[in-house]
Structures are given as C-alpha cells and as structure tokens.
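Working notes, beginning with the structure itself.
The values are calculated or read from the model by the stated rules, or taken from the named source; none is laboratory data. In this text the structure is predicted, and so the values were computed from the model without any measurement. With ideal geometry, Cβ positions are generated from the backbone for all residues, glycine too; neighbour counts draw on all protein chains shown. The area values use the complete protein model at the heavy-atom level, side chains included, leaving out ligands, DNA and RNA. Shrake-Rupley method; radii C 1.70, N 1.55, O 1.52, S 1.80 Å.
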Amino acid sequence: MAITKVYIVYYSLYGHVDTMAREVHRGAATVEGVEATLWRVPEMLSDQILEKLKAPPKPNDIPDIRPEQLVEADGLIFGFPSRFGMMPSQLKAFFDATSELWACQALAGKPAGIFWSTGFYGGGQELSALTAITQLAHHGMLFVPLGYTFGSGMFEMGEVKGGSAYGAGTFAGDGSRQPTEIELQQAFYQGKYLAEITKKLRI
C-alpha cells in the first residue's frame, strides 16, 4: 500500500497552537496508510524580542520546514495564532516564499485544512480561517472544512469552545487558558478527517 503523507505545518508563539497541532497530528496518524509529520514555520522574531514577549522556548522536537518541502505532502493542515483576525506574519512570510511553487502550480489539487487560536470571541475565530483560505486558493489547493461532521461537539453550549465549521480552534484568553478537552478532541478529529480525505483523493 502506498503511503499517504500529511504534513501539519504550524506557527506557535505561546504554545497553544503547538498543543493543538500535536492533537491534529495524533488524529491524522490513526488513519491506516497515512504518515503524518509535524513541521514548524521558521521564527522571524529575535531572541531578544521573544524574551520581552515572555514567549516560552520552542520545543526542540519539531523541525522547521522549507517552502519547497510542501510539495512532498499529499495533504496539508496549517495552524496558527490569530493576529487581528488574520494569520501572523511568520506564516504569511512563509506563504510569500512559495511563489516558485505557485508559478508552476506545484500545490494545486492538494487537500488542505486550517486550525487556529485566538484570544477571545472577537479575535477572529472564523475570520482567521476565511482570510487564510486566500493563500490556499491562489495555490489551487482544495480547502477541506470540517463542516458539522464533528457531530454534537459542534453544538456545545455548556462551555467555552473554539473552532467552527472551518476548522478546529481554541481560545487563549490572556494566555493562561489552555486548550480544553473538547477543543483537543476537535483537533484530533480534524487531523483524522483530513487524513482520510487525503487518502481517498490519492487513490
């Protein structure tokens, strides 16, 4: 059986997206015949600025990815913290560096998903996804939203929960709030869901 490769490519400053990414990865890895790999978008901020921002050290078990490596994947899931309703400059710069891939449409037809973190309800839980879709569209990638396939978890009203029909999400609040069990379940589900679709499209 041919291996289907799913890359989870993300940027995380304070660790919330990193936690979500690992659950997305776990979910994707449960699909038989799928090889899921975590990749980190290179940091643009200096150590001095990161220290002033009180950002925790980056985990050393996730390698940085180069734009040209995206071609190796059969499916992609991008994760990021929202900045005023959009992806942060680190991920945008990464996409800006994919112009050669765009020129030859090397990523066209690849299924892709999105997950994210925002500070609060007005921080762009849906806008973050909508603005990120433009990057996928210009590459001709196939955006794979969750829709309402997560079932009853999509209708949870008894607790604060991030995410939407566009993908999994979490709230960071003032930074002290960590992804909850249901948010992690949705992230796990998204990884599995996109991996299954990627595998079907590859055959």
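Straight distance only, please: which lysines reach the Cα of Lys5 with their own Cα at less than 25 Å, same-chain residues fewer than 8 apart left out?
Lys58, Lys92, Lys110, Lys192, Lys199, Lys200
Using a 1.4 Å probe over the heavy atoms of the protein chains, calculate the carbon and sulfur portion of the accessible area of the stretch 1-67 as a whole percent.
Whole-percent figure for carbon plus sulfur exposure: 54.
In the stretch 4-201, what percentage of the DSSP-assigned beta bridges are antiparallel, given to the nearest 5?
Given both bridge residues lie in the stretch 4-201, the antiparallel proportion sits at roughly 10 percent.
Keeping all protein chains in place, calculate the accessible area per residue for the stretch 4-201 (probe 1.4 angstrom), answer in Å².
On a per-residue basis, 46 Å².
Taking springs between alpha-carbon atoms closer than 10 angstrom, which of Lys52, Lys161, Lys192 fluctuates most in the Gaussian network model of the chain?
Lys52
How would you rank 100-108, 163-171, highest first, on the average number of other Cβ atoms within 10 Å across their residues?
Highest to lowest by the protection proxy: 163-171, 100-108.
Between Gln69, Gln135, Gln178, where does the largest GNM mean-square fluctuation fall for the chain, given springs only between Cα atoms within less than 10 Å?
Top of the fluctuation ranking is Gln69.
Using only the Cα atoms of the chain, what do you get for the radius of gyration and for Dmax, in Å?
Cα only, the chain: 15.9, 49 Å (Rg, Dmax).
Probe radius 1.4 Å, ligands and nucleic acids left out: which of Glu51, Glu68, Glu156 has the largest accessible area, and how do the rest follow?
Order by accessible area, largest first: Glu51, Glu68, Glu156.
Using Cα positions and a limit of under 14 Å, work out the aspartates and glutamates in reach of Lys161, with same-chain residues fewer than 8 apart set aside.
Glu126, Glu181, Glu183
With unit charges on the beta carbon (Lys/Arg positive, Asp/Glu negative), name the residue among Ser46, Tyr11, Pro145 whose Cα is farthest towards the positive pole of the charge dipole of the stretch 4-201.
Going by the Cα projections, it comes out as Pro145.
How would the stretch 121-202 be classified by its alpha-carbon gyration tensor: rounded, prolate or oblate, with rounded meaning a/c under 1.5 and the a/b versus b/c comparison settling the rest?
oblate
Kindly provide the helix-only [θ] at 222 nm of the chain, computed as the sum of -39,500 (n - 2.57) over DSSP H runs of four or more divided by all residues, to the nearest 500 deg cm²/dmol?
-10000 deg cm²/dmol
May I ask for the distance between the Cα centers of the stretch 92-128 and the stretch 166-182, given as a whole number of Å?
19 Å
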